[in-house]
Amino acid sequence: MRISILLFLPLWLSAATLYALIEHAKNSHVSLQAIEQKLSAVDNEYEVSRNFANPELSFSVSDIQLKEPINRQIEPMQYSAVNIKQTFPYFGKRDANSNRVSAKKQKISSSLEEAKVKLVETLKIAAYTIWQVEEEIKITNEYIKLTNQNINLYTSYSSRDTKSHMGIMSAELSLSQLKIKKSKFESLRDGLYKKISYLSAIDVSSVEFSMKVEEPKNIAYYLDATNENRSYKVKKAITEEANADIKVKELASFVDSSVQVGYYRRENFEDYLSVGVAFSLPIY
């Protein structure tokens, strides 16, 4: 229940579990949303690829006599016509276009999954690095505490032992170096929190997670998982898209045919229909 609530906390949230941050990042990161929008656009592109070309509709009036341009009863050649023309692609062209769009969609989908994996990886590394830095800060604080104790000890003996002055100076120098070291660690930690805040789209000041290390699985498990590698899937999808594009270009050289049907109306003569088939000649 605690985690499900954290997933919907507003941007002013200051602390969360690592799991909640990862889930929020996968749902909110701008880069992932951009890829998802591309994926939605490809769905529309697929529907278009299955369509035929839009039919052509034309109107014509023939044999207009200049002496009597309105008179349409002079001779049989005078007609008013409406024609509709539909182009039919060569066999396999529509399927090739659809396959290319499907391959493109698979590439974008694989890229989305790869981006999610990289995002999770970056968040986890940042969180674990914060843990490491905070442990370094704790150790440094202990060294600072011990150094202060040494300074106090040297100070108490300084009135009786001249060598204590050298000890005080050495301890104060070490103390300065420790404070500088601590300041660097704190700066690094703050930068990592800003990085996590940016990636998860939440203002984060602390992260809760477990440092429990699981035992490695059998080597066969990792060998079987190589086929699920996101980078491999992206490269495979890119290759399939390239092959689909080659197929489209190969079919582009084949001629498409067109069918045209027309209705011709005459004033004092019988109306009639016409049917024609056309295709381009691959001369040039």
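We did not get these values from a lab; they are worked out from the coordinates using the rules stated. Owing to the predicted nature of the structure, the values given are computational and were not obtained by experimental measurement. As a convention, Cβ positions derive from the backbone with ideal geometry for all residues, glycine included, and neighbour counts pool all protein chains shown.
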Evaluate the following for Val255: is it under 25 Å from Tyr90 (Cβ atoms), among the β-branched types (Val, Ile, Thr) and touching a residue at least 24 places away in the same chain (Cβ under 8 Å)? yes
With the requirement that a residue be assigned to a loop (DSSP other than H, G, I, E, B) and among the charged types (D, E, K, R), what does the stretch 216-225 give you? Lys217
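Condition check ((1) outside any loop (DSSP other than H, G, I, E, B); (2) farther than 30 Å from Lys138 by Cα; (3) out of contact with any strand residue (DSSP E or B) (no Cβ under 7 Å at 6 or more places or on another chain); (4) not aromatic (Phe, Trp, Tyr)) across all residues:
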site: Lys181; (1), (2), (3), (4): yes, no, yes, yes
site: Gly191; (1), (2), (3), (4): yes, no, yes, yes
site: Lys195; (1), (2), (3), (4): yes, no, yes, yes
site: Ile202; (1), (2), (3), (4): no, no, no, yes
site: Met211; (1), (2), (3), (4): no, no, yes, yes
site: Glu214; (1), (2), (3), (4): no, no, yes, yes
site: Ala237; (1), (2), (3), (4): yes, yes, yes, yes
site: Asp245; (1), (2), (3), (4): yes, yes, yes, yes
site: Ser253; (1), (2), (3), (4): no, yes, yes, yes
Of everything in the stretch 24-64, what is assigned to a strand (DSSP E or B) and either surrounded by fewer than 10 Cβ atoms within 10 Å (Cβ to Cβ) or not small (Gly, Ala, Ser) (or both)? Give them in sequence order. Glu56, Leu57, Phe59, Val61
Which one is farthest from Leu273 (Cα to Cα), of the residues in the stretch 65-93 that are among the β-branched types (Val, Ile, Thr) and surrounded by 12 or more Cβ atoms within 10 Å (Cβ to Cβ)? Ile74
Residue check for Ser231: polar (S, T, N, Q) and out of contact with any helix residue (DSSP H, G or I) (no Cβ under 7 Å at 6 or more places or on another chain): no
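Quick check, is Ser110 polar (S, T, N, Q), free of Cβ contacts under 8 Å to residues at least 60 places away in the same chain and not in a loop (DSSP other than H, G, I, E, B)?
Working: polar (S, T, N, Q): yes; free of Cβ contacts under 8 Å to residues at least 60 places away in the same chain: no; not in a loop (DSSP other than H, G, I, E, B): yes.
The answer is no for Ser110.
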